[in-house]
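Below is one structure, written out as structure tokens, with a few remarks after it.
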Amino acid sequence: MVSRILASVIALMLLPHAALAADFQDDLKARRAKVMQELGPDSILIVWSAPPRVYSNDVDYEYRQDSNFYYLTGVDQAESILVLMPGNGGHKEMLFVLPRDATREHWEGHRLTKEEAMRDSGIATVYETTEFETFLASMLSRRSYGEVPAQEYDTFFKALKENHARLQLLLGPPPGPKEELPQIFQFANRTRERFFGFTVNDATAIVEGSRQVKTAYEQKVLQRSADISSEAHRAGMKAAHPGAYEYEVEAAIEYIYKKNGADDWGYPSIVGSGPNATTLHYEKSKRQMQAGELLLVDAAANYQYMTVDITRTYPVSGTFSPAQKDIYNLVLQAQTDAMKVAAAGAKLSDVHNKTVDVIKQGLLKLGLITDATGDQYKTWYTHRATHWIGMDVHDVGERDRTLAPGMAFVIEPGIYIRDGALDQLPKTPENAAFIQKVRPAYERYKNIGVRIEDSFLLTGSGLERLSSKVPRTVDEIESFMKSPQTSTLPR
Ligand SMILES: [Mn+2]
């Protein structure tokens, strides 16, 4: 008995390809159904997988699937193609994957069999990538393909014949007039030159608009991704001390990602101590941190193609100085007040504007600006406080869309007192007067950079802070850094 159980356990371990969870396939089907509804019955949508990207010479980066392709297929393999034909009878969804190749697979790893591709994606019709050109030529010539009866395609073929079919592509923004045409624009042109009866449409807004509202399944994955990233931030806080190098904190953070099954980071970790905290996208992580400095850490994992965005700023020695506390509490107040604005019906710009109001008043009190009515605050608050999160850390979709349940975003105000910032202002009489008035405050706060960033999900019952497990207030941070290591991550 024991040996039979052992044998089946070993057989499971030897399975070349782990099947994805059934609730994921149900969600994929629902996503495609929603997109097809919006595309309409006259459409054929084609989506390609991402190309592999070169790291250097003959070494590629680890493969990262195109987010839109993964959103619709759950397939993480290069040279795959998705076709959706909403007007078809039963065969509305078709997936093309590379044919099996024992030699290539010996070098590069397992390729999905047709059965595995069907199981993972929930798409019943799977062809080989080599068939795609013939398939497409058949469709656009109103000819059946394979064993599918011709009447399956009646609606689309009729639309072609009547010149109102639509070739839907994820074109994205057009290139500049002198830039080379991206491959997808070249594909659109080649197809238009050879076939007739359709217009080319950009379906980006349909797919990316769908991604903007997270499904129940996506919300679960996003929370798990946030939990892993939160645990990583806590580990980072524990690894920081005077004399430690930035990369040691980075390593402590990224270890937690991989240990918990995340693929890797969702964006390169930003670990900046002292003056590096005033560089928004500092990625070198080479500096040795000193007692008395702040450390700014902006990092989050890519877990099953979901990434939150979290930033914490904390004192290397475990205790904030009075000057650091001034700036920190102002940024915290801006975030806290903005959270109250982030409700259904509001826009991200309203949330951002709230952070601006609070920061203007605070900077005026601290003597870092002399006028809270204009743009002086932009000397120290140099970015916007909001963006969507999801499959991409700066997720896609209309920026100005009204907030509704299922939407996920960050609130990340920041103040950066950069060394030399005053000297870089244009030489005008107003600036000369401004510089003279704020210089004492500038000298007091110089080299302090603070950003506080949390990830949020709007639900039917209000705002949920996905990153709530990371210490955030001055008291929470100081007591956490003094406490023995504790893990909050459920196994
Ligand atoms: Mn961010």
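The values are calculated or read from the model by the stated rules, or taken from the named source; none is laboratory data. For clarity, every value in this text was computed on a predicted model and none was experimentally measured. Neighbour counts run over all protein chains shown; Cβ positions are idealised from the backbone, glycine included.
For this structure, a couple of remarks:
- Scanning the range 254-277 for residues that are within 16 Å of the ligand (Cβ to nearest atom) and either under 20 Å from P315 (Cβ atoms) or part of a loop (DSSP other than H, G, I, E, B) (or both) yields G266, Y267, P268, S269, I270, V271, G272, A277.
- Checked against (1) assigned to a loop (DSSP other than H, G, I, E, B); (2) β-branched (V, I, T); (3) within 28 Å of the chain's Cα centre (by Cα), T313 passes all but a single condition, namely (1).
- Looking only at residues in the range 368-393 that are within 16 Å of the ligand (Cβ to nearest atom) and without any contact (Cβ under 8 Å) to a residue 60 or more places away in the chain, the one that is surrounded by the fewest Cβ atoms within 10 Å (Cβ to Cβ) is R384.
- Selected residue (criterion: nearest to I448 (Cα to Cα)) from residues of the range 323-335 that are of a type outside the set (A, V, I, L, M, F, W, C) and crowded, with 19+ Cβ neighbours inside 10 Å: Q324
- Extreme residue, farthest from the ligand (Cβ to nearest atom), among residues of the range 420-470 that are of a type in the set (D, E, K, R) and touching a Ser or Thr at 6+ places or on another chain (Cβ under 6 Å): K437
- Considering only residues in the range 130-158 that are hydroxyl-bearing (S, T, Y) and part of a helix (DSSP H, G or I), the one that is surrounded by the fewest Cβ atoms within 10 Å (Cβ to Cβ) turns out to be T130.
- For the range 271-322, a residue qualifies if it is at pLDDT below 95, among the hydrophobic types (A, V, I, L, M, F, W, C) and buried (at least 19 other Cβ atoms within 10 Å of the Cβ), and exactly one does: A277.
- Any hit, the range 105-125, residues being crowded, with 19+ Cβ neighbours inside 10 Å, hydrophobic (A, V, I, L, M, F, W, C) and assigned to a helix (DSSP H, G or I): yes
- Selected residue [within 25 Å of T311 (Cα to Cα) and touching a strand residue (DSSP E or B) at 6+ places or on another chain (Cβ under 6 Å)] from H352, H383: H352
- K259 meets each of the listed conditions (1) under 23 Å from P242 (Cβ atoms); (2) surrounded by fewer than 24 Cβ atoms within 10 Å (Cβ to Cβ) apart from (1).
- V2 modelled with pLDDT of 95 or more and among the β-branched types (V, I, T): no
- Residues that are assigned to a loop (DSSP other than H, G, I, E, B) and either touching a residue at least 40 places away in the same chain (Cβ under 8 Å) or in contact with a Pro (Cβ under 9 Å, 6 or more places away or on another chain) (or both), drawn from the range 28-63: G40, P41, D42, Y61, E62, Y63
- For A102, the criteria (1) within 15 Å of L170 (Cα to Cα); (2) among the aliphatic types (A, V, I, L, M); (3) loosely packed, with under 13 Cβ neighbours inside 10 Å hold in every case but one, which is (1).
- Count - residues of the range 394-415 that are within 16 Å of the ligand (Cβ to nearest atom) and closer than 30 Å to D66 by Cα: 12
- Matching residues in the range 434-482 - criterion: being in a helix (DSSP H, G or I) and without any contact (Cβ under 8 Å) to a residue 24 or more places away in the chain: I435, Q436, R439, E443, D475, E476, S479
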